[in-house]
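The values are calculated or read from the model by the stated rules, or taken from the named source; none is laboratory data. Everything numeric in this text was worked out from a predicted model, so none of it was measured. Cβ placement follows ideal geometry from the backbone for every residue including glycine, while neighbour counts extend to all protein chains displayed.
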Amino acid sequence: MKKIETNLLDCYILEPQRFGDDRGFFESITEEQLKEAGFAKQKQISDSKSEKGVLRGLHFQKNPYCQAKVVRCVRGSVIDVVVDMRRDSKTYGQYTKVLLTPENGRCLYVPRGFAHAYLCLEDNSLFEYFVDNKYMPKYEDGILWNDPALQIPWEDIFREYDIKEPILSEKDKVRETLEECETVFNRQKTKYLITGYKGQLGYDIVRELEERGETDYLALDIDEMDITNRDQVFDIINSYKPDVIFHCAAWTAVDKAEDLEDKVRDINVVGTKNITDASIEVGAKLIYMSTDYVFDGKKEGTYKEDDSVNPMSVYGKTKYEGEEEVRRNPKHFITRISWVFGINGNNFIKTMINLSKTKNCLAVVDDQIGSPTYTVDLARVLVEMAHTDKYGTYHVNNDGYCSWAEFAKYIFESNNLDVKVNPVTTEEYIELTGAKQAYRPRNSKLSKDKLKEAGFDMLPSWQDATDRYCKELVKHNPVLCKSKKN
């Protein structure tokens, strides 16, 4: 395959080698060749049929769903036009145009951060896109096709191909110019640092970044960076200089925390102070994971972000003190989450399924109400937050509320596990088990209104999340969710 440079940085014409005879020809482009051009991972193939004179563009998707494309014309012919929108690029605001036809066999690699358009030169032209990030209507956008500052010679093109007027969508007729466009793309990739990578959420944040083609990240656990070691924290963060820090590392063993307050405070407060101070020094956004345990659970109805806190456990107190440290960074997101479950760690769903192998009846607490939350859904919203400046405190949970007993019942029923749930109060559970427990809020119903008002997508229902998680569990361990009868 030939890789031909254009006048735009990182944008290439690709010409696959053809092998032919009187019957026709054969050509191919390998995954390795696409990677060499800059195209990381194919997520979607799209086709668009248009008549002569149809002009589509100049289009792009906003972060964090920005797309790179490999495009070609498989029937008819088009003039493909792209504009470099990356503000730190030497070719910012410049364009290139390429004739694409089945006969010349050319493809164009369009990097992330470019606006893209094409003009159909023949009826029934069929245009094909290979894209590296999924299509998200909410994030689609564009700039004005004939923005004078871009100096694209559309009139010359129209004359050359006998097109009197371009056929445009209503949206494309009234888009903003490049100068007016508020969307910011950069050639330099966003750099992410994740603490607590081996935990449930840290693991899924990394998976979410990779899913979106975000490859410049540093994922660390205690073996690589002890957050209580201030010098080590500053050395690593100053060396890597992340743009975004997802701070997932924390002491989360709620009951054990009651007997180890100094150690828990060292991790949840001092460690968070170290991360916050270092994030301020390098100018990084800081996303901190807090908890429903900052509330005492005595309120009627749902808790809002600005409701008074009253943590009643060592865990809750230290996580709230961590919130106060994080607020010193003006570019912070505090996300209060609850009842978390993910593939990379222990959680309530795994515990229930494992107990179902030996138990026919389980006593489960029925007077604590909250929202079970899947780390896959949570990671998606957190990465979306990282690409905004809508700083502040948010409640981020899957939709809906239930008790632990209702949660357990749903787990068993949806997995065809023959286990009876005996609902009990917290006091009855402690008496039955003799367990020493930290204080747990009875009401952990967190309002997500602020999240919605800020324009972030709502997480699906906890039932839907549970079903998807259990399917993922089966993939990792096919016998885990089998009924005892099987």
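Scanning the range 169-206 for residues that are surrounded by fewer than 17 Cβ atoms within 10 Å (Cβ to Cβ) and either in a loop (DSSP other than H, G, I, E, B) or under 27 Å from the mean Cα position of the chain (by Cα) (or both) yields Ser169, Val174, Glu176, Thr177, Glu179, Glu180, Glu182, Val184, Asn186, Gln188, Lys189, Lys198. Pairs are defined by a Cβ separation below 6 Å, a sequence spacing of at least 6 or placement on different chains, a first member in the range 350-373 that is farther than 27 Å from Lys298 by Cβ and touching a residue at least 40 places away in the same chain (Cβ under 8 Å), and a second member that is of a type in the set (Lys, Arg) and surrounded by fewer than 21 Cβ atoms within 10 Å (Cβ to Cβ); the pairs so defined are Cys361/Lys420. Does Leu119 satisfy the criteria of being buried (at least 24 other Cβ atoms within 10 Å of the Cβ) and either of a type in the set (S, T, N, Q) or free of Cβ contacts under 8 Å to residues at least 40 places away in the same chain (or both)? So Leu119 does not fit the description; no.
Taking the range 367-386 as the range and being closer than 15 Å to Leu451 by Cβ and assigned to a loop (DSSP other than H, G, I, E, B) as the test, only Ser371 passes. Note on the range 7-22: among residues that are touching a residue at least 40 places away in the same chain (Cβ under 8 Å) and surrounded by fewer than 19 Cβ atoms within 10 Å (Cβ to Cβ), the one that is nearest to the chain's Cα centre (by Cα) is Leu9.
Restricting attention to the range 425-449 and to residues that are assigned to a helix (DSSP H, G or I) and surrounded by fewer than 17 Cβ atoms within 10 Å (Cβ to Cβ), the residue that is modelled with the highest pLDDT turns out to be Asp449. If the condition is being in contact (Cβ under 8 Å) with a residue 60 or more places away in the chain and crowded, with 22+ Cβ neighbours inside 10 Å, then the range 98-114 contributes Cys107, Leu108, Tyr109, Val110, Pro111, Arg112, Gly113, Phe114.
Among the residues of the range 1-17, is there at least one that is under 29 Å from Ala149 (Cβ atoms), touching a Phe, Trp or Tyr at 6+ places or on another chain (Cβ under 8 Å) and at pLDDT below 90? There is no residue in the range 1-17 that is under 29 Å from Ala149 (Cβ atoms), touching a Phe, Trp or Tyr at 6+ places or on another chain (Cβ under 8 Å) and at pLDDT below 90.
Scan the range 237-251 and give yes if some residue there is assigned by TED's automatic domain parsing to the domain that holds Val282, more than 26 Å from Met385 (Cα to Cα) and in a helix (DSSP H, G or I), otherwise no. No: zero hits. For the range 31-58, the set of residues classified as in contact with a helix residue (DSSP H, G or I) (Cβ under 9 Å, 6 or more places away or on another chain) and surrounded by fewer than 21 Cβ atoms within 10 Å (Cβ to Cβ) consists of Ala40, Lys41, Gln42, Lys43, Gly53, listed by residue number.
In the range 406-424, the residue that is farthest from Cys470 (Cα to Cα) out of those that are β-branched (Val, Ile, Thr) and outside any helix (DSSP H, G or I) is Val424.
Taking the listed residues Lys357, Lys331, the one that is of a type outside the set (Ser, Thr, Tyr), surrounded by fewer than 18 Cβ atoms within 10 Å (Cβ to Cβ) and under 26 Å from Thr466 (Cβ atoms) is Lys357, with no other qualifying. For the range 297-344, name all the residues that are in contact with a Pro (Cβ under 6 Å, 6 or more places away or on another chain) and among the charged types (D, E, K, R). Within the range 297-344, Lys317 is the sole residue that qualifies. Just one of the numbered conditions (1) without any contact (Cβ under 8 Å) to a residue 24 or more places away in the chain; (2) charged (D, E, K, R); (3) surrounded by 18 or more Cβ atoms within 10 Å (Cβ to Cβ) is not true of Arg265: (1).
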